[in-house]
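A.B. asks: My questions all concern the structure below.
The values are calculated or read from the model by the stated rules, or taken from the named source; none is laboratory data. Owing to the predicted nature of the structure, the values given are computational and were not obtained by experimental measurement. When we count neighbours, we look across all protein chains shown, and the Cβ atoms used for this are built from the backbone with ideal geometry, even at glycine. With ligands, DNA and RNA removed, areas are computed over all heavy atoms of the protein, side chains included. Shrake-Rupley method; radii C 1.70, N 1.55, O 1.52, S 1.80 Å.
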Amino acid sequence: MKDFIKDVVIAVLVAVVVIQFIKPVIVKESSMENSFIEKDYLIVSKQSYNYGDVERGDVIVFHSSLTDEDGKEKLLIKRVIGLPGENVQVTDGAVYIDGVMLEEDYTKDGYTPGDVNVTVPEDEYFCMGDNRAVSIDSRSSSVGFVEKHNIMGKVVLRVLPIKKFGLIESPDYNI
């Protein structure tokens, strides 16, 4: 009986530690294609930004004001494009940060619709999906800038499908 209690206590402690550090999520929509597709199973590091800064290119999961068909808050998964204090401009299908065009080979169509010219406020981020034609993101007033306190964490690992299992790397930008 003593071993059983010890095993249960260890299991509970492990579960508590895991819950504090990671959050599994399943991709439910197509806004991040081709990087992530529906039913991809991802691991989000909930502690990433306690020890480091949000960086351009990070894929994050955050709380939004959008709701699903059941009226529940929608968690969104998007890529960080603009950092606090930067000017983000979307024009003629391209994205510019402080006047420098981003090279974004991860986008689905290589084209970003919209006409945007904004400066990102302090402690907020401009985020977009990789499938820009269908993504509801910072270009839309229904999402807007993402406040740092609404970021649940950084996507760090794809678990499923098994053939795509691996760490999630952020692209290198020359800005």
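A.B. asks: Compute the signed sum of charges (Lys and Arg +1, Asp and Glu -1) over the other residues within less than 15 Å, Cβ to Cβ, of Val54.
C.D. replies: It works out to a net charge of -2.
A.B. asks: Which value, in debye to the nearest 20, gives the size of the charge dipole of the chain about its Cα centre, when Lys and Arg are +1 and Asp and Glu are -1 at the Cβ?
C.D. replies: Working: 19 positive and 29 negative charges, 182 e Å.
The calculated dipole for the chain is roughly 880 debye.
A.B. asks: Quickly work out the Glu147-to-Phe21 label distance, labels modelled 7 Å from Cα along the C-beta direction, and quote it in nm with one decimal.
C.D. replies: 3.0
A.B. asks: Which order do you get for Ser65, Ser30 if you rank them by accessible area with a 1.4 Å probe, largest at the top? Please report the intermediate quantities before stating the final value.
C.D. replies: Details: Ser65 95, Ser30 40 Å².
My answer, sorted largest first, is Ser65, Ser30.
A.B. asks: Would you mind counting up the charge near Gly114? Only other residues with Cβ under 11 Å from its Cβ, with Lys and Arg at +1 and Asp and Glu at -1.
C.D. replies: Numbers: positive: Arg132, Arg139; negative: Asp92, Asp115, Asp137.
Its environment carries a net charge of -1.
A.B. asks: Sort His149, His63 by accessible area with a 1.4 Å probe, largest first.
C.D. replies: On the way: His149 140, His63 65 Å².
If we order His149, His63 from most to least accessible, we get His149, His63.
A.B. asks: By how many nm would the segment from Met101 to Lys39 grow when fully extended, if each residue of separation counts as 0.36 nm and the alpha-carbon distance is taken off? Numbers along the way, then the final one.
C.D. replies: Working: separation 62, 0.36 × 62 = 22.32 nm, distance 3.20 nm.
Once the chain is fully extended between Met101 and Lys39, it gains 19.1 nm.
A.B. asks: Rank Leu83, Leu75 by accessible area, highest first, at a 1.4 Å probe radius?
C.D. replies: Working: Leu83 35, Leu75 70 Å².
These residues rank, largest area first, as Leu75, Leu83.
A.B. asks: So which of Lys72/Lys164; Lys2/Lys23; Lys2/Lys46; Lys72/Lys154 end up more than 27 Å apart by C-alpha? Provide the component values of the computation, followed by the final result.
C.D. replies: On the way: Lys72/Lys164 30 Å; Lys2/Lys23 32 Å; Lys2/Lys46 34 Å; Lys72/Lys154 22 Å.
As for pairs spanning more than 27 Å Cα to Cα, those are Lys72/Lys164; Lys2/Lys23; Lys2/Lys46.
A.B. asks: Give me the distance in nm between label points sitting 7 Å out from Cα along the Cα-to-Cβ direction at Leu160 and Gln47, one decimal.
C.D. replies: Going from the Leu160 label point to the Gln47 one covers 2.6 nm.
A.B. asks: So, one more: Hey, what number do you get for the chain at 222 nm if only DSSP H runs of n ≥ 4 count, each worth -39500 (n - 2.57), divided across all residues, to the nearest 500? Numbers along the way, then the final one.
C.D. replies: Numbers: 2 runs with 24 residues, N = 175.
Taken over the chain, the calculation gives -4500 deg cm²/dmol.
A.B. asks: I've got another one for you. Using Cα Rg over 2.2 N^0.38 Å as the read-out, say which of (1) 0.97; (2) 1.10; (3) 1.15 was calculated from these coordinates.
C.D. replies: Entry (3).
A.B. asks: Under 19 Å Cα to Cα from Lys163, which aspartates and glutamates show up? Leave out anything in the same chain fewer than 8 places away.
C.D. replies: The qualifying aspartates and glutamates are Glu33, Glu38, Asp40.
A.B. asks: Taking 0.36 nm per intervening residue step and subtracting the Cα-Cα distance, what contour gain separates Lys72 from Thr91 on full extension?
C.D. replies: Working: separation 19, 0.36 × 19 = 6.84 nm, distance 3.38 nm.
Fully extending the segment from Lys72 to Thr91 adds 3.5 nm.
A.B. asks: Further question: Among all the aspartates and glutamates, which ones have a C-alpha under 18 Å from Lys148's C-alpha, if same-chain residues fewer than 8 places away are not counted?
C.D. replies: Cross-link targets: Asp53, Glu55, Asp58, Glu73, Glu86, Glu122, Asp123, Glu124, Asp137.
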